[in-house]
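Only one structure is covered here, and it is reproduced in the block below.
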Amino acid sequence: MQEQAVAWRKAGEDIGFVPTMGALHAGHDRLVARARRENQRVIVSLFVNPAQFGPTEDFARYPRPFDADRVRLEALGVDAIFHPAVDQIYPPAFKTRVDPGPLAEVLEGKSRPGHFKGVLTVVLKLFQIGQPKRAYFGQKDFQQLVLVRQLVRDFALPLRIVAVPTVREADGLAMSSRNAYLSPAEREVAPGIYRALKTAAGRFETGLTDPAALEEVVRDLLEGAPGVAIDYVALVDETTLRRPVRAVAGSVLAVAVKLGSIRLIDNVVLGAERL
Ligand code: AMP
């Protein structure tokens, strides 16, 4: 893959790269479509990265419908699918890991120790292999987006990170490969996550700027929902990931909940739809 990518770049072609773990849905499609519009070549990686899963997480049972993903990507007109085996990315001699620093110690990073170390390590390697001019990431994984942008800055990587707004089901639930695991009862409750976020965003629009009060709006709405266990509700600055004194346009309200055994995350940007 790397040789092909280098040849494309030598020929003056821009490469758009979309890293995914497969089990593709309309959210992934949006990233790929944007990459298709903005680059001469598009590479999509399908790799369930063991390094970003904790020991009790769902690595083994993460869905891997490779044939369906391939058909989907061919229909979207991608130039190459990169679908490496685990030991192609992590051969026995592999030793180095990216330390993501303090921004990985809050929110997802706090609940999932080591997660972002695994993410940034694979992303750095994938960028080397795919040689992108632009790489596409979903706003749904907001902290991941912030950390990947930091990786690019810190290591002076010669590419641009493009953020793509969250694609949702008709009822507001953020699309996720994990939604397929929700029971019918859980699936009915799940759209309440986005409804709660939108309610709080509405309160911001009408003048509520106290971060704790905005978080409380979300908590109050979610706590009543059957089967929902809140991991965190956090109003944070979009670059420092710290709670600001006052919420402003651009602040991010982020949530993680467990619905039964399924962990779901979502977020909204106050006063705006994109980062
Ligand atoms: P994943 O396969 O879950 O690792 O996701 C691959 C990429 O797709 C990441 O950049 C995600 O943020 C992005 N993504 C996942 N779900 C959505 C969604 N509902 N809308 C937009 N982007 C998404």
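Against the conditions (1) among the small types (Gly, Ala, Ser); (2) surrounded by 15 or more Cβ atoms within 10 Å (Cβ to Cβ); (3) more than 20 Å from the chain's Cα centre (by Cα); (4) closer than 19 Å to residue 106 by Cβ, residue 234 satisfies every one except (3).
Residues of segment 236-275 that are charged (D, E, K, R) and not in a loop (DSSP other than H, G, I, E, B): 258, 263, 266.
Might you let me know whether segment 24-32 holds any residue that is within 19 Å of residue 67 (Cβ to Cβ) and in contact with a His (Cβ under 6 Å, 6 or more places away or on another chain)?
Filtering segment 24-32 down to residues within 19 Å of residue 67 (Cβ to Cβ) leaves 24-26, 28-29, 32.
Okay, now just the ones that are also in contact with a His (Cβ under 6 Å, 6 or more places away or on another chain), so none.
Among the residues of segment 24-32, not one is within 19 Å of residue 67 (Cβ to Cβ) and in contact with a His (Cβ under 6 Å, 6 or more places away or on another chain), which makes the answer no.
I'd like to check something: does segment 13-36 contain any residue that is crowded, with 19+ Cβ neighbours inside 10 Å, more than 25 Å from residue 174 (Cα to Cα) and modelled with pLDDT of 95 or more? Yes, segment 13-36 has at least one match. Pairs are defined by a Cβ separation below 8 Å, a sequence spacing of at least 6 or placement on different chains, a first member in segment 19-32 that is within 18 Å of residue 124 (Cα to Cα), and a second member that is within 6 Å of the ligand (Cβ to nearest atom) and hydroxyl-bearing (Ser, Thr, Tyr); the pairs so defined are 21/177.
Answer yes or no as to whether residue 217 is under 27 Å from residue 242 (Cβ atoms), at pLDDT 95 or above and surrounded by 20 or more Cβ atoms within 10 Å (Cβ to Cβ).
On the way: under 27 Å from residue 242 (Cβ atoms): yes; at pLDDT 95 or above: yes; surrounded by 20 or more Cβ atoms within 10 Å (Cβ to Cβ): yes.
Judged against the criteria, residue 217 is a match.
For segment 168-184, the set of residues classified as under 16 Å from residue 21 (Cβ atoms) and either buried (at least 16 other Cβ atoms within 10 Å of the Cβ) or near the ligand (Cβ under 9 Å from one of its atoms) (or both) consists of 174, 175, 176, 177, 178, 179, 181, listed by residue number.
Only one of the numbered conditions (1) within 13 Å of the ligand (Cβ to nearest atom); (2) closer than 26 Å to residue 232 by Cβ; (3) modelled with pLDDT of 95 or more; (4) part of a loop (DSSP other than H, G, I, E, B) is violated by residue 58, and that is (3).
The values are calculated or read from the model by the stated rules, or taken from the named source; none is laboratory data. Because the structure is a prediction, the values reported are computed rather than measured. Because the Cβ atoms are built from the backbone with ideal geometry, glycine has one as well, and the counts that use them run over all protein chains shown.
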